[in-house]
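One structure is given here, and the rest of the page talks about it.
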Amino acid sequence: GSVSVNGTINVGPVIDELTVTPQTVFVRNSVTLAAVGSDADEGPSALTYYWSTTGGLIDDPIDPNATLTSDSPGTFTVTLTISDGTPQMKCADSASVTIVCTPGGP
């Protein structure tokens with residue numbers, strides 16, 4: 001006899017580059033968020049990006065290149081998650097960076 005196996009394996013995406021500049025900023029100044037991800041098997045869906053933060057506001061949280069601003073001082077965690085699939089088959093990679101927003105400045 002013979003055995004035949006037919007299936008797919010979803011290789012998860014990876015964050016290749018994560019840039020957050022500057023990491024210390026004055027209140028109401030902006031922080032530039034930029035990311036590049038890759039997916040070895042390019043499926044089952046196109047990569048999606050999602051930025052989240054514990055403080056401040058991200059102008060476009062689903063854009064690989066976004067901007068964060070804050071009207072109040074504090075230390076915030078910014079997290080990027082990239083994924084490549086439906087909720088039932090989702091593979092994802094996440095990375096976080098700490099940003100300090102200080103009073104003062106122009």
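Take peptides 33-39, 46-52 and line them up by average Cβ neighbours within 10 Å, highest first, as a rough protection proxy.
The densest-packed peptide leads the list: 33-39, 46-52.
Whose amide H sits under 5 Å from the amide H of ASP41, counting only residues 5 or more places off or on another chain, with H placed in the peptide plane?
Counting only residues 5 or more places away or on other chains, the set is VAL11.
Using label points projected 7 Å from each Cα along Cα→Cβ, tell me how many nm separate THR102 and TYR50, to one decimal.
Output for this residue pair reads 3.4 nm.
On a full-extension model of 0.36 nm per residue, what is the gain between VAL14 and THR77, subtracting their alpha-carbon distance, rounded to one decimal in nm? Write out the running numbers ahead of the final one.
Details: separation 63, 0.36 × 63 = 22.68 nm, distance 1.97 nm.
So the extension gain works out to 20.7 nm.
Each reported figure results from applying straightforward, stated rules to the coordinates on display, with no laboratory input. No experiment lies behind these values; they were computed from the predicted model shown. We place every Cβ from the backbone using ideal geometry, glycine too, and count neighbours over all the protein chains shown.
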